[in-house]
1. Could you please let me know if residue A:59 is more than 20 Å from residue A:401 (Cα to Cα) and surrounded by 23 or more Cβ atoms within 10 Å (Cβ to Cβ)?
2. So which strands (runs of 3 or more DSSP E) stay within the stretch A:151-261 end to end and still have 1 or more residues that are over 27 Å from the mean Cα position of the chain (by Cα)?
3. Got a sec? Which helices (runs of 4 or more DSSP H) wholly within the stretch A:494-590 have at least 2 residues that are buried (at least 21 other Cβ atoms within 10 Å of the Cβ), under 36 Å from the mean Cα position of the chain (by Cα) and not assigned by TED's automatic domain parsing to the domain that holds residue A:52?
4. Taking the condition under 21 Å from residue A:392 (Cβ atoms), assigned to a loop (DSSP other than H, G, I, E, B), at pLDDT below 70 and not assigned by TED's automatic domain parsing to the domain that holds residue A:656, does residue A:448 pass?
5. Let me confirm something: among A:576, A:587, A:571, A:611, which residue is under 30 Å from residue B:12 (Cβ atoms) and away from chain B (no Cβ under 12 Å)?
6. Quick one: residue A:619 ticks every box in (1) in contact with a strand residue (DSSP E or B) (Cβ under 9 Å, 6 or more places away or on another chain); (2) touching a residue at least 40 places away in the same chain (Cβ under 8 Å) bar one, so which box is it?
7. Here is a list of conditions, (1) over 25 Å from residue A:685 (Cα atoms); (2) more than 14 Å from every other protein chain (Cβ to nearest Cβ); (3) in contact with a strand residue (DSSP E or B) (Cβ under 8 Å, 6 or more places away or on another chain), and residue A:601 meets all of them except one; can you say which number that is?
8. Go through (1) out of contact with any strand residue (DSSP E or B) (no Cβ under 6 Å at 6 or more places or on another chain); (2) crowded, with 24+ Cβ neighbours inside 10 Å one by one and return the number of the condition residue A:147 breaks.
């Protein structure tokens with residue numbers, strides 16, 4: 001079976017294909033531009049390839065969607081990214097009253113090609129306002145179709161189907177799916193196959209080709225599909241045949257392609273992650289009851305998440321959201337199907353209720369475990385939970401970070417803390433957060449300051465004071481049962497050293513990634529910059545701009561883009577080479593508190609004065625701390641300034657996503673022989689070119705530096 | 001003239017105060033490169049709570065020019 005791409009990559013590729021094919025396509029959303037590329041990186045590369053049509057917008061879902069409506073009224077195609085589907089409510093008015101009604105409100109049918117993308121669903125610990133599944137709130141709006149991303153459908157096909165209708169659509173994307181791989185080649189695993197059914201291949205049917213029993217059909221949209229498939233596999237181990245049906249389009253509900261399956265099915269369950277009540281599942285059930293009742297063996301059953309606000313704590317979130325166990329429970333509560341089809345009902349299986357899951361009624365929900373878990377310590381374990389203390393966990397502080405830095409402990413190891421007292425400082429990519437003690441007790445530090453820690457991971461614990469021995473008697477009897485704690489509390493010494501400052505840590509991350517991912521080679525060449533310096537002085541006098549060697553070098557680098565395209569190209573993770581349409585030159589700006597890489601876009605289109613002004617503007621922004629992400633996006637070549645007096649040559653770091661970095665060291669003077677035997681003085685700089693050896697070879701690098709030298713000597 | 005302005009420029013250029021005078025500028029001092037120029041501008045803006053226009057940023061070429069600019073704005077050096 002082919003190793004498939006991840007769902008987010010598949011969607012990203014679909015968007016790139018859309019923009020390549022449709023020059024009137026726009027993408028609007030918050031933080032969608034490079035290098036951020038959207039909260040879930042789905043739009044990465046789009047703003048670089050289509051900077052005029054992929055726009056990071058202000059934080060206004062209402063405004064974004066309204067602008068999309070305006071563009072669509074003008075005949076354009078618009079993709080809107082709502083960063084979290086929970087915020088789609090803020091766009092409800094323009095969806096309800098502008099973009100959908102515009103299709104039929106002006107006396108003639110008006111195409112409205114808008115797709116509103118909404119990352120939805122939980123499972124990531126994002127909590128109450130970033131984890132919901134709001135699909136049901138958009139059902140039944142005239143001219144609005146709802147789609148959902150799935151691992152069984154190609155995102156390009158889904159987008160094409162949505163746009164082909166010439167009416168607005170919403171595309172819901174379960175966040176859990178983004179990092180999962182698609183199913184391809186008609187196989188889910190060794191046992192299960194899948195096939196497309198219905199118009200536009202709307203339905204994906206996951207089934208066991210070798211199964212003989214009448215199947216239970218579980219209808220599940222994309223985000224729940226994998227949970228339904230897992231439940232089907234576990235049900236098969238218990239002798240049940242289960243097929244999973246996954247639609248690309250949720251609404252309008254289309255049952256074409258399912259009738260023969262319904263006729264042979266033993267039961268039908270609709271599983272969805274939203275809360276119960278007014279759901280997509282109830283819409284499906286209504287349609288099936290109306291159109292296929294004679295084919296059904298009983299009413300369609302619904303299963304959904306708990307009627308609760310979604311918690312952040314993983315164990316509570318797991319209890320509230322629809323999971324595999326709840327789907328399996330619903331499957332197993334159906335009467336077992338006879339192997340020979342044709343009979344209704346039959347002897348009921350004993351409900352195989354998983355531990356801690358309530359059998360309930362339609363809409364019933366899993367509840368937290370109350371029985372002993374297999375991984376819980378046995379009663380005879382040497383510690384009790386109370387005596388072992390409570391962990392100091394690092395909560396997920398920033399949804400975009402996979403790890404944080406434990407910056408420092410605010411309380412000494414072994415010290416007594418009060419409830420609510422800050423005990424540690426953790427640095428996310430955006431801020432430094434303090435972690436407070438959740439109970440009073442004695443702090444035990446299990447992780448040294450300066451190390452990375454994952455969200456949810458414990459970094460220490462707070463022990464009850466009763467579990468901690470008094471210092472003079474460290475091995476006293478109350479704590480003798482806890483030798484680890486006795487050894488640790490009060491005797492640990494902090495690991496020597498200090499954490500990197502935040503700004504330097506970010507530099508360290510980039511440098512480390514560069515070293516890890518880019519096989520770099522380096523070539524340096526001495527270049528006579530006498531003429532370039534004179535040119536810079538003349539330009540400064542003529543334009544009044546601040547022109548120096550830096551600006552002249554940037555201009556020369558931009559001018560060489562057409563001759564040496566490979567040095568400005570980008571190698572993708574799939575091994576594809578993406579040429580740069582125009583030279584966008586990054587420039588190192590070291591402001592003392594951090595190194596920034598602002599980008600001068602389309603530098604070849606600027607005269608030297610404008611280029612110098614652009615450099616000044618970016619440097620001033622850096623110095624004033626006002627650089628924005630778009631100021632640093634889209635780089636395809638880096639000019640690294642290493643002009644500290646006395647530096648003769650420097651090997652620059654290539655930022656990930658770039659192929660070449662040119663270092664410009666300090667200029668020094670030397671005396672050389674003329675062709676006629678005389679001597680003359682000249683200003684020289686040893687320009688260094690670091691290059692990704694996968695894309696550029698040594699001969700190209702040498703030729704490039706020689707050409708650069710020629711340009712600078714003109 | 002070890003004024004506040006001179007100390008500020010010397011600090012940015014990482015030079016001894018006695019090496020900075022009214023003539024100090026990019027033409028006389030190797031350390032006064034384009035980035036340092038902007039760092040001096042930002043330091044002056046912060047220290048004297050003023051904002052230089054792009055044209056002023058361009059035309060300031062020495063400590064003397066900065067001093068004249070402050071005088072023009074009525075800001076005591």
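1. Taking the combined requirement at face value, the residue does not satisfy it.
2. The qualifying strands (runs of 3 or more DSSP E) are A:193-197, A:203-207, A:216-219, A:242-247.
3. Ranges flagged: A:549-559.
4. So residue A:448 fails the test.
5. Result: A:611 is the single residue among A:576, A:587, A:571, A:611 that is under 30 Å from residue B:12 (Cβ atoms) and away from chain B (no Cβ under 12 Å).
6. (2)
7. Checking residue A:601 against (1) over 25 Å from residue A:685 (Cα atoms); (2) more than 14 Å from every other protein chain (Cβ to nearest Cβ); (3) in contact with a strand residue (DSSP E or B) (Cβ under 8 Å, 6 or more places away or on another chain), the one that fails is (3).
8. Condition not satisfied by residue A:147: (1).
The values are calculated or read from the model by the stated rules, or taken from the named source; none is laboratory data. Please read these numbers as outputs of a predicted model, since none were measured by experiment. Every residue, glycine as well, gets a Cβ built from its backbone with ideal geometry; the counts of neighbours run over all protein chains shown.
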